[in-house]
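Novice: One structure follows; several queries about it will come next.
Just so it is clear, none of the values below were taken in a lab; they were calculated from the coordinates. Keep in mind it's a predicted model, so treat the numbers as computed, not measured. Positions of Cβ are backbone-derived with ideal geometry, glycine not excepted, and every protein chain shown enters the neighbour counts.
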């Protein structure tokens, strides 16, 4: 397969996954903001989203103040923000457009109509209809895109690159959601009471509320939430699950110079496979997640170098 | 002006080869056809059979209107045309071989040498380069029209990167889907094997010694007006669709970057103009091409299809000499008619043209796609005066031809069924001694009443083209 084709497929799936996870993150932040709290605390939560994506500078250029309305506008429908849901859906569609001959007609039609629909929605319309409804829509469109891929695409190299992009992006995004929310909920380490509603919202944002109930049959504790989102190998949005898939798909596309990338993926996977949640929390969740995200980034870079259009060249 | 109607004769009777269709059309309720037309529109949109229009908002795509009334050609007529096309394209390839080698035809004084050598489309870098099978134009899209008395003319030989074949194939697919019963009642010659035929030709002209060549389609990218066709052909042939940045040249060999490392490329069906193919050899600002590819080509390590430099044979200033080429190389009389052409660089011709602008069609020598032309009878006084100034300023840049009374065919338009003018573009494939084509070609139809310009960029549509088998 052409490197450029694989590159488009990889990024197509990353952007649609990114849009979905961004919708999840904004949704949970919005829901958490509905409980009584000081304005300052609320705005801090919105600021965390900007900081998490290192967008402080481009945000400050256009908006005077960090508040719910501005951050939502910036992250949902600002075409100038390359990390907004709007931009992610556009980029997913553009990448698909470049490889229309490789993806199936259903996949193309899904991403194309998603983009056409998103383009028609103004921020005011989204807010008026209820921002939660919009986030649901984004999640459904992402599911639809994943579903048509699974249901129509030949499981050859193209499929492996698409899966690789999806899982790598999801691993990164789940880590981000956990990182930003854990510290809002437990600002002082492991002390203090657990707020059932807030942790519940976090779990729901990664579709893990019912999963948690099923797996633990017990009250919600931060340790178990961490374990579920990082270590459970059967939970589709956990880091362990994602790395299982990354290792498997990397193995299926291996070439003569991808050994080193495969080794890094394998080491990261092994760490998740054998880790204990106590150890992670003892080390400190934030430094642990930061290290994880750095290594996911390096893995993406390695995949680009070995198989795709190297990031430096693409930029 | 008298127009030849493809369906009806001068007395209003239905022509023999349209009788079956006409009876069906009469018997079929209007609503059913309306419904089918809507279905076709929807399907074309969903599949995304579109083309981009230059000058409109970037990335904007438009459907080419598809008309459900087919253009039907009787078998005998097609056989004669096919024979003529073989003869013409063979001679054009021989001319290209000659121009880039010994230039016998120039030495014999059949074509003024300066017309060829000073032509912007003549590529000195091709001088002395030997090509597999001595073929330059592997794919030709020859535009044919029929005039008032029913006689056919060649309007243009498109030997660079002729497009439109995907519409020919999609139109047939659509007609079979909408009206399968018509194909049960008519023996319509199939065309769907075109991609196989094309792949076979491309493989046949691979560099010497390559037994299982890697063929690719080279596109300028997703924003090119014919990108749909590029994807379509690559997909139908089962070969990679590449862009310039996917290819690189090392030691005069062309490779493509794949996920498994570099892979050698042997034949490139390129849909990029000569000028953009190699920034080291032609336009240095081209980001679409492949640096060094010309060297690899000259060394015989890769085949480009069509060859570099074919434009010198389909240029409008060379067109008047094609009948002479046929006589010179084949010793035969031309089967297909050329349209009488006034070359404005000749003072006598210019004088005539300036005096008869209101009756003539004036074309830029290097123009294409229906841009930069004047159709005298359909133009305003201002437009004619504008062209007069252009002609006086740069006579060698223009040719003029009598306005042909392009034949017409019943077509669905807003006010119902009405006659509209059309042409035909058969796609002629050559490799070595073998010249093949699928029966028929692409029929383009001018949807504006009275318009003689059928180009899709000027609002033209297409029709399925049926060659009836005996």
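Novice: Which FRET efficiency value, to the nearest 0.05, is calculated for residue B:332 and residue B:41 with the Förster distance at 60 angstrom and r the Cβ-Cβ distance? Let's see the in-between values first.
Specialist: Numbers: r = 46 Å, r/R0 = 0.76.
That gives a FRET efficiency of 0.85.
Novice: Can you sort A:8, A:160 from fewest to most other Cβ atoms within 10 Å of each residue's own Cβ? Please list the in-between numbers first.
Specialist: Details: A:8 26, A:160 23.
By the 10 Å Cβ count, ascending: A:160, A:8.
Novice: Moving on. Taking a label point 7 Å from the Cα of residue A:184 along the Cα→Cβ vector, which residues of segment A:47-73 have an amide N closer than 15 Å to it?
Specialist: Only A:47-53, A:66-73 fall inside the zone, counting backbone N under 15 Å.
Novice: Work out, in µm²/s and without decimals, the Stokes-Einstein translational diffusion coefficient of segment A:1-85 at 10 °C, 1.306 mPa s, Rh from Kirkwood over C-alpha pairs.
Specialist: Numbers: Rh = 14.1 Å.
It comes out at roughly 113 µm²/s.
Novice: Applying 1/(1 + (r/R0)^6) with R0 = 56 Å to the Cβ-Cβ distance of residue A:276 and residue B:197, what FRET efficiency is obtained, to the nearest 0.05?
Specialist: So, using R0 = 56 Å, E works out to roughly 0.30.
Novice: Between residue B:16 and residue B:417, what FRET efficiency follows from the Cβ-Cβ distance if R0 is 25 Å, with the result rounded to 0.05? It would help to have the intermediate numbers written out before the result.
Specialist: Working: r = 20 Å, r/R0 = 0.81.
That gives a FRET efficiency of 0.80.
Novice: So what's the gap between the Cα centers of segment A:265-284 and segment B:94-172, to the nearest angstrom?
Specialist: Distance between centres, Cα-based: 68 Å.
Novice: With the radius of gyration and the Kirkwood radius both derived from the Cα set of segment A:65-114, what is their ratio Rg to Rh?
Specialist: Numbers: Rg = 13.8 Å, Rh = 11.9 Å.
Across segment A:65-114, the Cα-based Rg/Rh ratio is 1.16.
Novice: Pick out which of A:119, A:237, A:90 has the largest mean-square fluctuation in a Gaussian network model of chain A, springs linking Cα atoms closer than 10 Å.
Specialist: For chain A, modelled as a Gaussian network with Cα springs under 10 Å, the answer is A:119.
Novice: May I pose another question? Cα convex hull of the protein assembly as shown: mean projected area in nm², to one decimal? Each step should come with its number before you reach the end.
Specialist: Working: hull surface 159.5 nm².
For the protein assembly as shown, averaging the hull's shadow over all directions gives 39.9 nm².
Novice: State, to one decimal in nm, how far the label point of residue A:62 lies from the label point of residue B:433, with both points 7 Å from Cα in the Cβ direction.
Specialist: In this crude label model, residue A:62 to residue B:433 measures out at 6.8 nm.
Novice: For B:167, B:321, B:18, A:159, what ranking results if the residue with the fewest other Cβ atoms within 10 Å of its Cβ goes first?
Specialist: Numbers: B:167 27, B:321 20, B:18 24, A:159 17.
Going from least to most buried by this count: A:159, B:321, B:18, B:167.
Novice: How large is Rg/Rh for segment A:161-315, to two decimals, with Cα atoms and a Kirkwood Rh? Walk me through the intermediate numbers first.
Specialist: Working: Rg = 16.5 Å, Rh = 16.3 Å.
Ratio of gyration radius to Kirkwood radius for segment A:161-315: 1.01.
Novice: On to the next question. Using alpha carbons only, what's the Rg to Rh ratio of segment B:342-402 with Rh from Kirkwood?
Specialist: On the way: Rg = 10.1 Å, Rh = 11.1 Å.
Here Rg/Rh amounts to 0.91.
Novice: Evaluate the Debye formula for chain B with equal point scatterers sitting on the alpha carbons, no solvent, and hand back log10 of I(q)/I(0) at q = 0.10 Å⁻¹, in q order, two decimals.
Specialist: -0.77
Novice: Separate question: Using alpha-carbon positions, what is the distance between the centroids of segment A:76-121 and segment A:148-180, in Å?
Specialist: Measuring centre to centre over Cα atoms gives 16 Å.
Novice: A further question follows. Ranked by Cβ crowding within 10 angstrom, fewest neighbours first, how are A:290, A:102 ordered? It would help to have the intermediate numbers written out before the result.
Specialist: Values: A:290 13, A:102 28.
Ranking A:290, A:102 by Cβ neighbours within 10 Å, fewest first, gives A:290, A:102.
Novice: Next up: Let me make sure I get this right: for segment A:125-168, a, b and c are the square roots of the gyration tensor eigenvalues over alpha carbons, sorted descending. Under 1.5 in a/c it's rounded, otherwise prolate if a/b > b/c, else oblate. Which is it? Display every interim value, and only then the final one.
Specialist: On the way: a/c = 5.24, a/b = 2.79, b/c = 1.88.
Prolate is the answer for segment A:125-168, as a/c is 1.5 or above and a/b outweighs b/c.
Novice: Let me ask something additional. Name the residue, out of A:167, A:185, A:91, whose mean-square fluctuation peaks in a Gaussian network model built on chain A with Cα pairs under 10 Å.
Specialist: Of A:167, A:185, A:91, the Gaussian network model singles out A:185 as fluctuating most.
Novice: Let me ask another. Provide the three semi-axes, in whole Å and in decreasing order, of the ellipsoid equivalent to chain A as defined by the square roots of 5 times the Cα gyration tensor eigenvalues. Provide the component values of the computation, followed by the final result.
Specialist: Numbers: eigenvalues 178, 131, 62 Å².
Square roots of five times the eigenvalues give 30, 26, 18 Å.
Novice: Can you pull the one-decimal nm distance between simple spin-label points at residue A:133 and residue A:251, each 7 Å off the Cα toward Cβ?
Specialist: Spacing of the two 7 Å Cα→Cβ label points: 4.7 nm.
Novice: Also, quick follow-up: Starting from the 7 Å offset along Cα-to-Cβ, what nm value, one decimal, do you get for the label separation of residue B:455 and residue B:469?
Specialist: 3.7
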